[in-house]
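Undergrad: Got a structure for you, written out below as structure tokens; questions coming shortly.
The values are calculated or read from the model by the stated rules, or taken from the named source; none is laboratory data. All values reported here derive from a predicted model rather than from experimental measurement. With ideal geometry, Cβ positions are generated from the backbone for all residues, glycine too; neighbour counts draw on all protein chains shown.
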């Protein structure tokens with residue numbers, strides 16, 4: 001099972017592309033902090049990226065992708081140290097199209113950079129350790145040494161589709177590509193980590209990853225620490241300590257949270273009865289399920305369903 005895809009699907013990951021545009025020097029835009037996970041892909045030329053976290057500026061090249069999972073403040077500019085204005089102000093003054101891009105921004109210079117910019121949304125009402133442990137900025141270089149061929153191909157495809165005009169379905173195709181790019185960027189990010197920790201690495205760990213696979217594959221099973229530790233080839237105490245250290249919470253807490261996230265997904269996306277849903281996520285008692293759901297999600301199962309249907 002692809003746990004990463006399962007998590008992002010359950011958290012309702014949605015990608016949206018704002019534009020594929022050219023930026024002519026001089027230019028610089030500041031993207032303020034917000035609730036969405038911004039992303040930028042360079043399709044032509046170069047630019048500089050400055051994150052508001054004290055890290056050194058990054059020179060971005062063709063095929064590079066930067067993702068800000070928690071929507072932190074950051075800036076993009078034609079050269080290091082260039083002045084910036086709010087992104088909303090910059091893109092409020094479009095210029096005539098440059099090259100194959102449908103829109104252009106910036107100054108009168110001949111140096112041009114092409115970018116695909118957009119954001120990812122996910123259901124913040126249902127927190128998951130995945131997003132708690134992500135870096136403020138995930139940066140993947142096209143020539144970073146790990147397998148980025150898929151990212152490069154998808155980026156080029158998104159760029160080509162975005163120049164095809166307003167053909168039916170074009171926007172939806174680009175948005176789905178953006179979602180797939182996010183997943184691939186996370187995978188490439190894992191490969192690039194020199195001193196890994198957190199949930200992303202737990203997925204790759206042969207012990208903890210095995211336990212996570214089992215929980216996600218058979219959510220209704222009445223898992224115990226002893227069973228999971230045995231499958232992970234570890235003692236119960238060592239398994240529990242390592243799981244907590246990597247995932248950020250004990251195994252049974254993670255399992256309970258994941259069951260409630262899957263239950264919420266079923267409440268939103270299906271017409272299954274609450275009794276059937278409670279059984280599907282491992283609860284023999286509908287009352288016990290409803291109590292656990294309210295404790296972790298903050299509302300009752302019935303209220304969760306009414307919120308989405310009313």
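Undergrad: Tally time: how many residues in segment 192-205 are at pLDDT below 75 and in contact with a helix residue (DSSP H, G or I) (Cβ under 9 Å, 6 or more places away or on another chain)?
TA: The first filter runs over segment 192-205 and keeps only residues at pLDDT below 75, leaving 192-197.
Filter once more, keeping what is in contact with a helix residue (DSSP H, G or I) (Cβ under 9 Å, 6 or more places away or on another chain): 193, 196-197.
The total comes to 3.
This table checks each residue for (1) farther than 12 Å from residue 27 by Cβ; (2) in contact with a strand residue (DSSP E or B) (Cβ under 9 Å, 6 or more places away or on another chain); (3) assigned to a helix (DSSP H, G or I).
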position: 48; (1), (2), (3): no, yes, no
position: 54; (1), (2), (3): yes, no, no
position: 62; (1), (2), (3): yes, yes, no
position: 66; (1), (2), (3): yes, yes, no
position: 71; (1), (2), (3): yes, yes, no
position: 76; (1), (2), (3): no, yes, no
position: 79; (1), (2), (3): no, yes, no
position: 82; (1), (2), (3): no, yes, no
position: 89; (1), (2), (3): no, yes, yes
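Undergrad: Which residue out of 299, 277 is outside the structural domain of residue 133 (by TED's automatic domain parsing) and part of a loop (DSSP other than H, G, I, E, B)? Even if it seems obvious, please write down each step before you answer.
TA: Working: 277 fails: part of a loop (DSSP other than H, G, I, E, B).
Being outside the structural domain of residue 133 (by TED's automatic domain parsing) and part of a loop (DSSP other than H, G, I, E, B) holds for just one of 299, 277, which is 299.
Undergrad: Now for a different question. List the helices (runs of 4 or more DSSP H) that sit entirely inside segment 189-244 and contain at least 1 residues that are in contact (Cβ under 8 Å) with a residue 40 or more places away in the chain, touching a strand residue (DSSP E or B) at 6+ places or on another chain (Cβ under 6 Å) and loosely packed, with under 14 Cβ neighbours inside 10 Å.
TA: It comes to none.
Undergrad: Right, here's the next one. Identify, from the list 164, 180, 149, the residue that is assigned by TED's automatic domain parsing to the domain that holds residue 116 and modelled with pLDDT of 75 or more. Reasoning before the result, please.
TA: Values: 164 fails: modelled with pLDDT of 75 or more; 149 fails: modelled with pLDDT of 75 or more.
Among 164, 180, 149, only 180 is assigned by TED's automatic domain parsing to the domain that holds residue 116 and modelled with pLDDT of 75 or more.
Undergrad: For segment 64-84, name all the residues that are more than 29 Å from residue 132 (Cβ to Cβ) and surrounded by 13 or more Cβ atoms within 10 Å (Cβ to Cβ).
TA: Going through segment 64-84, the residues more than 29 Å from residue 132 (Cβ to Cβ) turn out to be 77-84.
Hits for segment 64-84 are 77, 78, 79, 80, 82, 84.
Undergrad: Keeping to segment 1-27, report how many residues are assigned to a helix (DSSP H, G or I) and more than 13 Å from residue 37 (Cβ to Cβ). Give the steps one after another, and end with the answer.
TA: Of the residues in segment 1-27, the ones assigned to a helix (DSSP H, G or I) are 3-10.
Cutting the leftovers down to more than 13 Å from residue 37 (Cβ to Cβ) gives us 3-7, 9-10.
Counting residues in segment 1-27 that are assigned to a helix (DSSP H, G or I) and more than 13 Å from residue 37 (Cβ to Cβ) gives 7.
Undergrad: Here's something else I'd like to know. Could you count how many residues in segment 99-119 are buried (at least 18 other Cβ atoms within 10 Å of the Cβ) and either within 19 Å of residue 52 (Cα to Cα) or at pLDDT below 85 (or both)? Reasoning before the result, please.
TA: Here is the first cut: in segment 99-119, the ones buried (at least 18 other Cβ atoms within 10 Å of the Cβ) are 101, 104-106, 112-119.
Retained after the next criterion (residues that are either within 19 Å of residue 52 (Cα to Cα) or at pLDDT below 85 (or both)): 101, 117-119.
Result for segment 99-119: 4.
Undergrad: Right, something else. Could you count how many residues in segment 113-136 are more than 18 Å from residue 180 (Cα to Cα) and either touching a helix residue (DSSP H, G or I) at 6+ places or on another chain (Cβ under 9 Å) or part of a loop (DSSP other than H, G, I, E, B) (or both)?
TA: Step one: of segment 113-136, the residues more than 18 Å from residue 180 (Cα to Cα) are 113-114, 124-129, 132-133, 135-136.
Checking the rest, the ones that are also either touching a helix residue (DSSP H, G or I) at 6+ places or on another chain (Cβ under 9 Å) or part of a loop (DSSP other than H, G, I, E, B) (or both) come to 114, 124-129, 132-133, 135-136.
Summing the residues that are more than 18 Å from residue 180 (Cα to Cα) and either touching a helix residue (DSSP H, G or I) at 6+ places or on another chain (Cβ under 9 Å) or part of a loop (DSSP other than H, G, I, E, B) (or both) in segment 113-136 gives 11.
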